[in-house]
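Asker: One structure, as C-alpha coordinates, below. Some questions next.
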Amino acid sequence: MEKREGKRRIVLVPIPAQGHVTPMMQLGKALYSKGFSITVVEGQFNRVRSSSQHFPGFQFVTIEESLAESELVRLGGIEFMINLNKTSEASFKDCIAQLLLQQGSDIACIIYDEFMYFCGAAAKKFNLPSVIFSTQSATNYVSRFVLSKINADKFSVDMEDPGMQEKMVENLYPPLRYKDLPTSGLGPLDHLFEVCREAANKRTACAVIINTVSCLESSSLSWLEQEIEIPMYHIGPLHMTASPPSRLLEEDRSCIEWLNKQKPRSVIYISLGSIFDMGTKEVSEMAWGLCDSNQPFLWVIRDASESLPEEVSTMVSERGGYIVKWAPQIEVLGHPAVGGFWSHCGWNSTLESIAEGVPMICRPFHGEQKLNAMYIESVWRIGFQVEGSKVDRGEVDRAVKRLIVDEESAGMEERALVLKKKLKASVKSGGTSYNALDELVKYLKTM
Ligand code: UDP
(Lines give C-alpha, C1' and ligand atoms only; values in the text may rest on other atoms or scores of the structure.)
Protein backbone atom coordinates (compact mmCIF):
# COMPACT_ATOMS: atom_id res chain seq x y z
CA MET A 1 0.00 0.00 0.00
CA GLU A 2 1.31 3.41 -0.99
CA LYS A 3 1.69 5.82 1.96
CA ARG A 4 -0.30 9.00 1.45
CA GLU A 5 1.02 10.98 4.40
CA GLY A 6 -1.33 13.55 5.79
CA LYS A 7 -4.20 12.51 3.55
CA ARG A 8 -7.66 12.14 5.03
CA ARG A 9 -8.81 8.55 4.97
CA ILE A 10 -12.20 7.43 3.67
CA VAL A 11 -13.46 4.01 4.78
CA LEU A 12 -15.66 2.39 2.12
CA VAL A 13 -18.07 -0.44 2.99
CA PRO A 14 -19.60 -2.10 -0.10
CA ILE A 15 -22.22 -4.83 -0.07
CA PRO A 16 -20.83 -8.07 -1.53
CA ALA A 17 -22.74 -8.00 -4.83
CA GLN A 18 -21.14 -7.10 -8.15
CA GLY A 19 -23.67 -4.43 -9.14
CA HIS A 20 -23.04 -2.59 -5.83
CA VAL A 21 -19.30 -3.19 -5.52
CA THR A 22 -18.56 -1.72 -8.96
CA PRO A 23 -19.96 1.79 -8.35
CA MET A 24 -18.53 1.81 -4.79
CA MET A 25 -15.06 1.13 -6.18
CA GLN A 26 -15.57 3.75 -8.89
CA LEU A 27 -16.42 6.21 -6.14
CA GLY A 28 -13.25 5.09 -4.33
CA LYS A 29 -11.20 5.80 -7.44
CA ALA A 30 -12.78 9.21 -7.89
CA LEU A 31 -12.03 10.17 -4.28
CA TYR A 32 -8.51 8.72 -4.42
CA SER A 33 -7.79 10.85 -7.48
CA LYS A 34 -8.93 13.89 -5.47
CA GLY A 35 -6.29 13.17 -2.81
CA PHE A 36 -8.02 10.97 -0.21
CA SER A 37 -6.61 7.70 1.12
CA ILE A 38 -9.00 4.78 0.71
CA THR A 39 -9.64 1.78 2.97
CA VAL A 40 -12.11 -0.84 1.74
CA VAL A 41 -13.71 -2.98 4.44
CA GLU A 42 -15.39 -6.20 3.34
CA GLY A 43 -16.53 -9.50 4.75
CA GLN A 44 -15.01 -12.85 4.03
CA PHE A 45 -16.34 -12.73 0.46
CA ASN A 46 -13.34 -10.57 -0.39
CA ARG A 47 -14.87 -9.63 -3.71
CA VAL A 48 -12.75 -6.55 -4.11
CA ARG A 49 -9.53 -7.67 -2.44
CA SER A 50 -9.23 -10.48 -4.97
CA SER A 51 -8.93 -7.84 -7.68
CA SER A 52 -6.85 -5.43 -5.62
CA GLN A 53 -4.30 -5.12 -8.46
CA HIS A 54 -6.83 -2.78 -10.11
CA PHE A 55 -6.80 -0.48 -7.10
CA PRO A 56 -3.17 0.39 -6.39
CA GLY A 57 -2.76 2.42 -3.22
CA PHE A 58 -6.00 1.21 -1.62
CA GLN A 59 -5.94 -0.57 1.74
CA PHE A 60 -8.14 -3.68 2.12
CA VAL A 61 -9.41 -4.98 5.46
CA THR A 62 -11.46 -8.13 6.04
CA ILE A 63 -13.95 -8.31 8.88
CA GLU A 64 -14.87 -11.52 10.59
CA GLU A 65 -18.57 -11.70 9.90
CA SER A 66 -19.94 -15.17 10.03
CA LEU A 67 -21.82 -15.44 6.73
CA ALA A 68 -20.34 -17.47 3.92
CA GLU A 69 -21.13 -16.89 0.23
CA SER A 70 -23.17 -20.11 0.15
CA GLU A 71 -25.60 -18.44 2.60
CA LEU A 72 -26.54 -15.94 -0.10
CA VAL A 73 -27.80 -18.77 -2.28
CA ARG A 74 -29.48 -20.55 0.65
CA LEU A 75 -31.20 -17.52 2.18
CA GLY A 76 -31.86 -15.31 -0.87
CA GLY A 77 -30.88 -11.63 -1.14
CA ILE A 78 -33.15 -9.98 1.43
CA GLU A 79 -32.72 -12.57 4.20
CA PHE A 80 -29.02 -12.60 3.56
CA MET A 81 -28.89 -8.82 3.91
CA ILE A 82 -30.80 -8.86 7.21
CA ASN A 83 -28.48 -11.53 8.60
CA LEU A 84 -25.37 -9.84 7.29
CA ASN A 85 -26.32 -6.65 9.13
CA LYS A 86 -26.88 -8.55 12.36
CA THR A 87 -23.65 -10.53 12.21
CA SER A 88 -21.37 -7.72 11.03
CA GLU A 89 -22.06 -4.93 13.51
CA ALA A 90 -19.70 -6.05 16.30
CA SER A 91 -16.83 -7.03 14.00
CA PHE A 92 -17.11 -3.76 12.11
CA LYS A 93 -16.84 -1.81 15.37
CA ASP A 94 -13.68 -3.82 16.23
CA CYS A 95 -12.32 -3.12 12.78
CA ILE A 96 -12.82 0.65 13.11
CA ALA A 97 -11.24 0.58 16.58
CA GLN A 98 -8.17 -1.14 15.06
CA LEU A 99 -8.00 1.32 12.18
CA LEU A 100 -8.14 4.25 14.56
CA LEU A 101 -5.28 2.75 16.58
CA GLN A 102 -3.19 2.16 13.48
CA GLN A 103 -3.73 5.49 11.90
CA GLY A 104 -4.47 7.87 14.73
CA SER A 105 -7.62 9.79 14.04
CA ASP A 106 -7.20 10.43 10.34
CA ILE A 107 -10.48 8.77 9.28
CA ALA A 108 -12.46 11.57 7.65
CA CYS A 109 -15.57 9.55 7.10
CA ILE A 110 -17.19 6.14 6.60
CA ILE A 111 -19.08 5.81 3.32
CA TYR A 112 -21.33 2.75 3.36
CA ASP A 113 -23.69 1.09 0.91
CA GLU A 114 -27.25 1.96 1.95
CA PHE A 115 -27.89 -1.75 2.66
CA MET A 116 -24.87 -2.05 5.00
CA TYR A 117 -26.77 -0.08 7.60
CA PHE A 118 -24.94 -1.75 10.50
CA CYS A 119 -22.14 0.78 9.83
CA GLY A 120 -24.23 3.55 11.39
CA ALA A 121 -23.69 2.09 14.88
CA ALA A 122 -19.88 2.10 14.58
CA ALA A 123 -19.89 5.65 13.20
CA LYS A 124 -21.95 6.75 16.20
CA LYS A 125 -19.79 4.86 18.73
CA PHE A 126 -16.55 6.43 17.48
CA ASN A 127 -18.11 9.77 16.68
CA LEU A 128 -17.11 9.53 13.03
CA PRO A 129 -19.01 11.21 10.21
CA SER A 130 -20.82 8.76 7.95
CA VAL A 131 -22.27 9.09 4.46
CA ILE A 132 -24.80 6.75 2.82
CA PHE A 133 -24.09 5.66 -0.74
CA SER A 134 -27.07 4.59 -2.85
CA THR A 135 -25.83 2.65 -5.86
CA GLN A 136 -29.31 2.39 -7.37
CA SER A 137 -31.67 4.93 -8.90
CA ALA A 138 -33.04 7.95 -7.02
CA THR A 139 -36.55 6.72 -7.85
CA ASN A 140 -35.78 3.42 -6.19
CA TYR A 141 -34.59 5.36 -3.14
CA VAL A 142 -37.89 7.27 -3.17
CA SER A 143 -39.75 3.92 -3.30
CA ARG A 144 -37.99 2.75 -0.17
CA PHE A 145 -39.30 5.80 1.69
CA VAL A 146 -42.79 5.09 0.38
CA LEU A 147 -42.56 1.44 1.44
CA SER A 148 -41.25 2.27 4.88
CA LYS A 149 -44.15 4.74 5.32
CA ILE A 150 -46.65 2.04 4.36
CA ASN A 151 -44.97 -0.14 6.95
CA ALA A 152 -45.03 2.58 9.63
CA ASP A 153 -48.75 3.17 8.97
CA LYS A 154 -49.32 -0.45 9.97
CA PHE A 155 -49.84 -1.63 6.40
CA SER A 156 -52.62 0.84 5.59
CA VAL A 157 -52.15 -0.42 2.02
CA ASP A 158 -52.65 -4.06 1.15
CA MET A 159 -49.78 -4.57 -1.27
CA GLU A 160 -51.04 -7.95 -2.33
CA ASP A 161 -54.52 -6.76 -3.34
CA PRO A 162 -54.65 -6.75 -7.20
CA GLY A 163 -57.04 -3.74 -7.18
CA MET A 164 -54.54 -1.74 -5.13
CA GLN A 165 -51.70 -2.62 -7.49
CA GLU A 166 -53.11 -0.44 -10.29
CA LYS A 167 -53.67 2.64 -8.05
CA MET A 168 -51.28 5.58 -7.97
CA VAL A 169 -49.16 6.22 -4.89
CA GLU A 170 -50.41 9.51 -3.42
CA ASN A 171 -48.34 12.70 -3.25
CA LEU A 172 -45.63 11.39 -5.46
CA TYR A 173 -44.12 12.89 -8.54
CA PRO A 174 -43.12 11.26 -10.88
CA PRO A 175 -46.26 9.17 -10.63
CA LEU A 176 -45.81 5.54 -9.60
CA ARG A 177 -48.43 2.82 -9.30
CA TYR A 178 -48.29 0.54 -6.29
CA LYS A 179 -47.32 -2.22 -8.66
CA ASP A 180 -44.26 -0.23 -9.73
CA LEU A 181 -42.85 -0.23 -6.21
CA PRO A 182 -39.91 -2.60 -6.08
CA THR A 183 -41.41 -5.43 -4.03
CA SER A 184 -41.82 -8.40 -6.33
CA GLY A 185 -39.56 -11.43 -6.40
CA LEU A 186 -37.63 -10.36 -3.32
CA GLY A 187 -39.02 -12.79 -0.74
CA PRO A 188 -41.51 -12.26 2.12
CA LEU A 189 -42.94 -8.73 2.18
CA ASP A 190 -42.40 -8.14 5.91
CA HIS A 191 -38.67 -8.83 5.49
CA LEU A 192 -38.49 -6.51 2.53
CA PHE A 193 -40.23 -3.82 4.59
CA GLU A 194 -37.64 -4.33 7.32
CA VAL A 195 -34.79 -3.74 4.87
CA CYS A 196 -36.54 -0.70 3.34
CA ARG A 197 -37.13 0.80 6.78
CA GLU A 198 -33.50 0.30 7.77
CA ALA A 199 -32.12 1.55 4.46
CA ALA A 200 -34.36 4.64 4.46
CA ASN A 201 -33.34 5.46 8.05
CA LYS A 202 -30.52 7.95 7.73
CA ARG A 203 -29.39 7.40 11.34
CA THR A 204 -26.51 9.76 12.06
CA ALA A 205 -25.42 10.02 8.42
CA CYS A 206 -24.55 13.56 7.39
CA ALA A 207 -25.02 13.19 3.62
CA VAL A 208 -26.24 10.87 0.89
CA ILE A 209 -24.45 10.12 -2.38
CA ILE A 210 -26.52 8.75 -5.28
CA ASN A 211 -25.19 7.21 -8.48
CA THR A 212 -27.56 9.08 -10.74
CA VAL A 213 -27.78 12.16 -12.96
CA SER A 214 -30.25 14.98 -12.46
CA CYS A 215 -31.31 15.02 -16.14
CA LEU A 216 -32.63 11.46 -15.76
CA GLU A 217 -34.40 11.73 -12.42
CA SER A 218 -34.89 15.39 -11.53
CA SER A 219 -38.36 14.91 -9.98
CA SER A 220 -37.27 12.05 -7.74
CA LEU A 221 -34.20 14.01 -6.69
CA SER A 222 -36.33 17.06 -5.78
CA TRP A 223 -38.68 14.80 -3.79
CA LEU A 224 -35.73 13.30 -1.94
CA GLU A 225 -34.12 16.66 -1.23
CA GLN A 226 -37.21 17.65 0.77
CA GLU A 227 -37.52 14.29 2.49
CA ILE A 228 -33.91 13.65 3.50
CA GLU A 229 -32.97 17.08 4.84
CA ILE A 230 -29.22 16.40 4.64
CA PRO A 231 -26.97 17.23 1.69
CA MET A 232 -27.43 14.96 -1.29
CA TYR A 233 -24.84 14.51 -4.03
CA HIS A 234 -25.92 13.03 -7.36
CA ILE A 235 -22.58 12.38 -9.00
CA GLY A 236 -23.35 9.68 -11.55
CA PRO A 237 -23.03 7.85 -13.76
CA LEU A 238 -19.89 6.91 -11.86
CA HIS A 239 -18.51 4.85 -14.72
CA MET A 240 -18.25 8.18 -16.59
CA THR A 241 -17.15 10.45 -13.73
CA ALA A 242 -14.56 8.03 -12.37
CA SER A 243 -12.80 6.65 -15.39
CA PRO A 244 -11.23 4.22 -16.04
CA PRO A 245 -13.87 1.73 -14.85
CA SER A 246 -12.69 -0.98 -12.45
CA ARG A 247 -12.58 -4.52 -13.80
CA LEU A 248 -13.49 -7.07 -11.17
CA LEU A 249 -14.07 -10.11 -13.39
CA GLU A 250 -12.04 -11.36 -16.30
CA GLU A 251 -13.48 -10.08 -19.58
CA ASP A 252 -13.49 -11.96 -22.87
CA ARG A 253 -12.23 -9.34 -25.31
CA SER A 254 -12.55 -11.62 -28.35
CA CYS A 255 -16.08 -10.25 -28.74
CA ILE A 256 -14.65 -6.85 -29.73
CA GLU A 257 -12.86 -8.50 -32.68
CA TRP A 258 -16.16 -10.14 -33.57
CA LEU A 259 -18.04 -6.81 -33.29
CA ASN A 260 -15.47 -5.17 -35.57
CA LYS A 261 -16.72 -7.43 -38.37
CA GLN A 262 -20.41 -6.54 -37.99
CA LYS A 263 -22.42 -3.80 -39.73
CA PRO A 264 -23.12 -0.52 -37.86
CA ARG A 265 -26.00 -0.72 -35.36
CA SER A 266 -26.92 -4.26 -36.42
CA VAL A 267 -26.00 -6.28 -33.30
CA ILE A 268 -28.24 -7.00 -30.34
CA TYR A 269 -26.23 -7.40 -27.11
CA ILE A 270 -27.79 -9.61 -24.44
CA SER A 271 -26.75 -9.60 -20.80
CA LEU A 272 -28.86 -10.29 -17.76
CA GLY A 273 -26.43 -9.00 -15.14
CA SER A 274 -24.17 -10.67 -12.65
CA ILE A 275 -26.73 -12.48 -10.49
CA PHE A 276 -29.64 -13.90 -12.43
CA ASP A 277 -29.48 -17.27 -14.19
CA MET A 278 -32.21 -18.25 -16.70
CA GLY A 279 -33.52 -21.80 -16.78
CA THR A 280 -32.35 -24.08 -19.61
CA LYS A 281 -35.76 -23.97 -21.32
CA GLU A 282 -35.85 -20.17 -21.46
CA VAL A 283 -32.24 -20.02 -22.65
CA SER A 284 -33.12 -22.38 -25.53
CA GLU A 285 -36.22 -20.34 -26.49
CA MET A 286 -34.10 -17.22 -26.38
CA ALA A 287 -31.47 -18.84 -28.63
CA TRP A 288 -34.11 -19.89 -31.18
CA GLY A 289 -35.76 -16.47 -31.19
CA LEU A 290 -32.42 -14.68 -31.60
CA CYS A 291 -31.46 -16.94 -34.51
CA ASP A 292 -34.89 -16.47 -36.13
CA SER A 293 -34.53 -12.68 -35.96
CA ASN A 294 -31.63 -12.90 -38.43
CA GLN A 295 -29.79 -10.14 -36.59
CA PRO A 296 -26.26 -10.82 -35.35
CA PHE A 297 -26.15 -11.10 -31.56
CA LEU A 298 -23.60 -11.07 -28.76
CA TRP A 299 -24.77 -12.93 -25.70
CA VAL A 300 -23.30 -13.12 -22.19
CA ILE A 301 -23.93 -16.54 -20.64
CA ARG A 302 -21.81 -17.26 -17.60
CA ASP A 303 -22.05 -21.02 -18.00
CA ALA A 304 -22.97 -21.82 -21.61
CA SER A 305 -21.87 -25.46 -21.38
CA GLU A 306 -24.42 -26.02 -18.59
CA SER A 307 -27.32 -23.91 -19.80
CA LEU A 308 -27.17 -24.40 -23.60
CA PRO A 309 -27.84 -27.84 -25.10
CA GLU A 310 -25.07 -28.74 -27.55
CA GLU A 311 -27.24 -28.62 -30.67
CA VAL A 312 -28.50 -25.14 -29.71
CA SER A 313 -24.97 -23.99 -29.13
CA THR A 314 -23.96 -25.19 -32.61
CA MET A 315 -26.99 -23.44 -34.15
CA VAL A 316 -26.05 -20.19 -32.40
CA SER A 317 -22.57 -20.14 -33.88
CA GLU A 318 -23.85 -21.13 -37.34
CA ARG A 319 -26.50 -18.41 -37.38
CA GLY A 320 -24.68 -15.26 -36.44
CA GLY A 321 -24.42 -15.49 -32.68
CA TYR A 322 -21.40 -15.04 -30.42
CA ILE A 323 -21.36 -16.14 -26.78
CA VAL A 324 -18.99 -14.99 -24.05
CA LYS A 325 -18.84 -15.64 -20.31
CA TRP A 326 -18.22 -12.02 -19.38
CA ALA A 327 -17.98 -9.08 -21.78
CA PRO A 328 -16.29 -5.68 -21.46
CA GLN A 329 -19.85 -4.32 -21.32
CA ILE A 330 -19.16 -0.60 -21.43
CA GLU A 331 -16.90 -1.00 -24.46
CA VAL A 332 -19.43 -3.32 -26.12
CA LEU A 333 -22.25 -0.80 -25.66
CA GLY A 334 -20.03 1.94 -27.09
CA HIS A 335 -19.16 -0.12 -30.18
CA PRO A 336 -20.69 1.26 -33.43
CA ALA A 337 -21.94 -2.25 -34.40
CA VAL A 338 -24.27 -2.46 -31.38
CA GLY A 339 -27.83 -1.35 -32.10
CA GLY A 340 -29.70 -2.61 -29.04
CA PHE A 341 -29.34 -4.08 -25.57
CA TRP A 342 -31.53 -6.91 -24.21
CA SER A 343 -31.14 -6.28 -20.50
CA HIS A 344 -32.48 -7.26 -17.08
CA CYS A 345 -32.33 -3.50 -16.34
CA GLY A 346 -29.98 -3.49 -13.38
CA TRP A 347 -29.19 0.16 -12.61
CA ASN A 348 -25.56 -0.03 -13.76
CA SER A 349 -26.53 -1.62 -17.06
CA THR A 350 -29.28 0.98 -17.52
CA LEU A 351 -26.87 3.88 -16.98
CA GLU A 352 -24.22 2.28 -19.19
CA SER A 353 -26.69 1.80 -22.03
CA ILE A 354 -28.04 5.35 -21.81
CA ALA A 355 -24.49 6.71 -21.68
CA GLU A 356 -23.85 5.11 -25.08
CA GLY A 357 -27.23 6.00 -26.59
CA VAL A 358 -28.27 2.33 -26.98
CA PRO A 359 -32.03 1.57 -26.85
CA MET A 360 -33.13 -1.41 -24.78
CA ILE A 361 -35.37 -4.46 -24.62
CA CYS A 362 -36.27 -4.79 -20.95
CA ARG A 363 -36.61 -8.17 -19.30
CA PRO A 364 -36.59 -7.27 -15.60
CA PHE A 365 -36.84 -10.06 -13.05
CA HIS A 366 -37.55 -8.40 -9.75
CA GLY A 367 -37.69 -5.35 -7.54
CA GLU A 368 -35.84 -2.29 -8.74
CA GLN A 369 -35.21 -3.76 -12.19
CA LYS A 370 -38.95 -3.44 -12.88
CA LEU A 371 -38.87 0.17 -11.81
CA ASN A 372 -35.94 0.88 -14.12
CA ALA A 373 -37.77 -0.91 -16.97
CA MET A 374 -40.84 1.24 -16.36
CA TYR A 375 -38.67 4.37 -16.67
CA ILE A 376 -36.98 3.07 -19.84
CA GLU A 377 -40.34 2.36 -21.47
CA SER A 378 -42.62 5.13 -20.20
CA VAL A 379 -40.49 8.05 -18.95
CA TRP A 380 -37.42 8.13 -21.20
CA ARG A 381 -39.12 6.10 -23.98
CA ILE A 382 -35.89 4.48 -25.14
CA GLY A 383 -37.05 0.86 -25.08
CA PHE A 384 -39.89 -1.46 -24.16
CA GLN A 385 -40.63 -4.35 -21.84
CA VAL A 386 -41.08 -7.99 -22.70
CA GLU A 387 -43.57 -9.18 -20.10
CA GLY A 388 -44.74 -12.57 -18.92
CA SER A 389 -43.14 -15.15 -16.71
CA LYS A 390 -41.62 -17.02 -19.66
CA VAL A 391 -40.82 -15.81 -23.18
CA ASP A 392 -41.06 -17.98 -26.28
CA ARG A 393 -38.99 -17.80 -29.44
CA GLY A 394 -41.67 -15.84 -31.37
CA GLU A 395 -41.67 -13.05 -28.78
CA VAL A 396 -37.88 -12.90 -28.77
CA ASP A 397 -37.79 -12.65 -32.57
CA ARG A 398 -40.49 -9.92 -32.62
CA ALA A 399 -38.81 -7.93 -29.84
CA VAL A 400 -35.41 -7.91 -31.59
CA LYS A 401 -36.98 -6.76 -34.90
CA ARG A 402 -39.01 -4.11 -33.09
CA LEU A 403 -35.86 -2.69 -31.51
CA ILE A 404 -33.43 -2.91 -34.41
CA VAL A 405 -35.38 -3.07 -37.67
CA ASP A 406 -38.92 -1.62 -37.36
CA GLU A 407 -39.75 2.02 -38.05
CA GLU A 408 -40.48 2.56 -34.36
CA SER A 409 -36.81 1.88 -33.55
CA ALA A 410 -35.70 5.22 -35.05
CA GLY A 411 -37.61 7.20 -32.40
CA MET A 412 -36.16 5.15 -29.53
CA GLU A 413 -32.67 5.54 -30.92
CA GLU A 414 -33.09 9.27 -31.40
CA ARG A 415 -34.27 9.76 -27.81
CA ALA A 416 -31.45 7.54 -26.53
CA LEU A 417 -28.91 9.67 -28.39
CA VAL A 418 -30.36 12.87 -26.90
CA LEU A 419 -29.95 11.39 -23.40
CA LYS A 420 -26.41 10.28 -24.24
CA LYS A 421 -25.52 13.91 -25.06
CA LYS A 422 -27.09 15.11 -21.81
CA LEU A 423 -25.13 12.57 -19.76
CA LYS A 424 -21.88 13.58 -21.47
CA ALA A 425 -22.59 17.22 -20.67
CA SER A 426 -23.39 16.43 -17.03
CA VAL A 427 -19.97 14.89 -16.33
CA LYS A 428 -18.00 17.62 -18.14
CA SER A 429 -16.65 20.70 -16.37
CA GLY A 430 -19.67 22.78 -15.32
CA GLY A 431 -22.12 19.86 -15.66
CA THR A 432 -24.39 18.83 -12.79
CA SER A 433 -22.58 15.60 -11.85
CA TYR A 434 -19.16 17.22 -12.26
CA ASN A 435 -20.17 20.04 -9.94
CA ALA A 436 -21.79 17.65 -7.45
CA LEU A 437 -18.57 15.60 -7.23
CA ASP A 438 -16.60 18.81 -6.67
CA GLU A 439 -18.96 19.84 -3.89
CA LEU A 440 -18.79 16.38 -2.32
CA VAL A 441 -14.99 16.51 -2.26
CA LYS A 442 -15.06 19.98 -0.66
CA TYR A 443 -17.56 18.70 1.90
CA LEU A 444 -15.49 15.62 2.76
CA LYS A 445 -12.40 17.79 3.17
CA THR A 446 -14.18 19.79 5.87
CA MET A 447 -14.70 16.66 7.97
N1 UDP B 1 -21.13 -6.56 -16.71
C2 UDP B 1 -19.95 -6.70 -17.41
N3 UDP B 1 -19.86 -7.72 -18.31
C4 UDP B 1 -20.86 -8.58 -18.55
C5 UDP B 1 -22.08 -8.42 -17.84
C6 UDP B 1 -22.19 -7.39 -16.94
O7 UDP B 1 -19.00 -5.93 -17.23
O8 UDP B 1 -20.68 -9.48 -19.36
C9 UDP B 1 -21.22 -5.46 -15.73
C10 UDP B 1 -22.06 -4.33 -16.26
O11 UDP B 1 -21.25 -3.45 -17.04
C12 UDP B 1 -22.60 -3.70 -14.99
C13 UDP B 1 -22.64 -4.85 -14.00
O14 UDP B 1 -21.89 -5.92 -14.56
O15 UDP B 1 -21.73 -2.69 -14.53
C16 UDP B 1 -24.04 -5.35 -13.72
O17 UDP B 1 -24.67 -4.46 -12.87
P18 UDP B 1 -26.22 -4.21 -12.92
O19 UDP B 1 -26.53 -3.19 -11.88
O20 UDP B 1 -26.64 -3.87 -14.29
O21 UDP B 1 -26.86 -5.61 -12.59
P22 UDP B 1 -26.68 -6.66 -11.37
O23 UDP B 1 -25.54 -7.54 -11.77
O24 UDP B 1 -26.41 -5.89 -10.12
O25 UDP B 1 -27.98 -7.40 -11.35
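Asker: Which of the numbered conditions does SER243 fail, given that it passes all the others? Conditions: (1) at pLDDT 95 or above; (2) closer than 23 Å to LEU417 by Cα; (3) of a type in the set (Gly, Ala, Ser).
Answerer: For SER243, the failing item is (1).
Asker: Additional query: Answer yes or no: is there a residue in segment 364-372 that is within 30 Å of LEU192 (Cα to Cα), of a type in the set (Phe, Trp, Tyr) and open to solvent by less than 20 Å² (accessible area, probe 1.4 Å).
Answerer: no
Asker: Does segment 74-81 include one or more residues that are over 23 Å from ASN211 (Cβ atoms) and either of a type in the set (Lys, Arg) or free of Cβ contacts under 8 Å to residues at least 60 places away in the same chain (or both)?
Answerer: Yes: segment 74-81 contains one or more residues that are over 23 Å from ASN211 (Cβ atoms) and either of a type in the set (Lys, Arg) or free of Cβ contacts under 8 Å to residues at least 60 places away in the same chain (or both).
Asker: Run down LEU272, LEU249, LEU259, LEU224 and say which single residue is touching a residue at least 60 places away in the same chain (Cβ under 8 Å), more than 16 Å from the ligand (Cβ to nearest atom) and of a type in the set (A, V, I, L, M).
Answerer: LEU224
Asker: What do you reckon, is PRO336 at pLDDT 95 or above and open to solvent by 20 Å² or more (accessible area, probe 1.4 Å)?
Answerer: Criteria met by PRO336.
Asker: Residues to consider are ARG415, ARG398; find the one that is in the same structural domain as TRP342 (by TED's automatic domain parsing) and open to solvent by 30 Å² or more (accessible area, probe 1.4 Å).
Answerer: Residue meeting the stated conditions: ARG398.
Asker: Right, another one. Here are some conditions: (1) over 30 Å from CYS109 (Cα atoms); (2) crowded, with 18+ Cβ neighbours inside 10 Å. ASP406 meets all but one. Which one does it not meet?
Answerer: Only one criterion in (1) over 30 Å from CYS109 (Cα atoms); (2) crowded, with 18+ Cβ neighbours inside 10 Å is unmet by ASP406, namely (2).
Asker: Determine whether CYS345 is in contact with a helix residue (DSSP H, G or I) (Cβ under 8 Å, 6 or more places away or on another chain) and at positive phi.
Answerer: Against the criterion (in contact with a helix residue (DSSP H, G or I) (Cβ under 8 Å, 6 or more places away or on another chain) and at positive phi), CYS345 qualifies.
Asker: Could you list, in sequence order, the residues of segment 424-445 that are touching a strand residue (DSSP E or B) at 6+ places or on another chain (Cβ under 7 Å), open to solvent by 10 Å² or more (accessible area, probe 1.4 Å) and closer than 19 Å to ILE110 by Cβ?
Answerer: Once the filter is applied, which keeps residues that are touching a strand residue (DSSP E or B) at 6+ places or on another chain (Cβ under 7 Å), open to solvent by 10 Å² or more (accessible area, probe 1.4 Å) and closer than 19 Å to ILE110 by Cβ, segment 424-445 yields only TYR443.
Asker: Tell me the residue from ILE270, ILE256, ILE323, ILE301 that is β-branched (Val, Ile, Thr), within 23 Å of GLY19 (Cα to Cα) and open to solvent by 30 Å² or more (accessible area, probe 1.4 Å), please.
Answerer: The match here is ILE323.
Asker: Considering only residues that are in contact with a Gly (Cβ under 8 Å, 6 or more places away or on another chain) and either more than 16 Å from GLU282 (Cβ to Cβ) or at pLDDT below 95 (or both), which ones fall in segment 356-367?
Answerer: Correct list: GLU356, VAL358, PRO359, MET360, PHE365, HIS366, GLY367.
Asker: How many of the residues making up segment 275-293 are part of a loop (DSSP other than H, G, I, E, B) and within 16 Å of the ligand (Cβ to nearest atom)?
Answerer: Final tally of qualifying residues: 4.
Yes or no, residue by residue, for (1) at pLDDT below 75; (2) in the same structural domain as SER219 (by TED's automatic domain parsing); (3) within 21 Å of PHE80 (Cβ to Cβ):
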| site | (1), (2), (3) |
| --- | --- |
| LEU147 | no, no, yes |
| SER156 | yes, no, no |
| MET159 | yes, no, no |
| GLY163 | no, no, no |
| ASN171 | yes, no, no |
| LYS179 | no, no, no |
| GLY185 | yes, no, yes |
| ASP190 | no, no, yes |
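Asker: What strands (runs of 3 or more DSSP E) completely inside segment 307-370 contain at least 1 residues that are more than 24 Å from ARG398 (Cβ to Cβ)?
Answerer: So the answer is 321-324.
Asker: Are any residues in segment 5-60 assigned to a helix (DSSP H, G or I) and either over 20 Å from ILE209 (Cβ atoms) or more than 16 Å from the ligand (Cβ to nearest atom) (or both), and if so, which ones?
Answerer: Residues satisfying the conditions are LEU31, TYR32, SER33, ARG49, SER50, SER51, SER52, GLN53, HIS54.
Asker: What number of residues in segment 324-368 are within 11 Å of the ligand (Cβ to nearest atom) and of a type in the set (Val, Ile, Thr)?
Answerer: Residues that pass the stated criteria total 4.
Asker: Look at SER389 and say whether it is small (Gly, Ala, Ser), open to solvent by 10 Å² or more (accessible area, probe 1.4 Å), closer than 26 Å to MET159 by Cβ and more than 16 Å from the ligand (Cβ to nearest atom).
Answerer: Yes: the conditions hold for SER389.
The values are calculated or read from the model by the stated rules, or taken from the named source; none is laboratory data. Bear in mind that the values here come from a model prediction, so they are computed numbers and not experimental data. Ideal geometry is used to build each Cβ from the backbone, glycine not excepted, and the neighbour counts take in all protein chains shown. When the accessible area is computed, the model is the full protein with side chains, heavy atoms only, and any ligands, DNA or RNA have been set aside. Shrake-Rupley method; radii C 1.70, N 1.55, O 1.52, S 1.80 Å.
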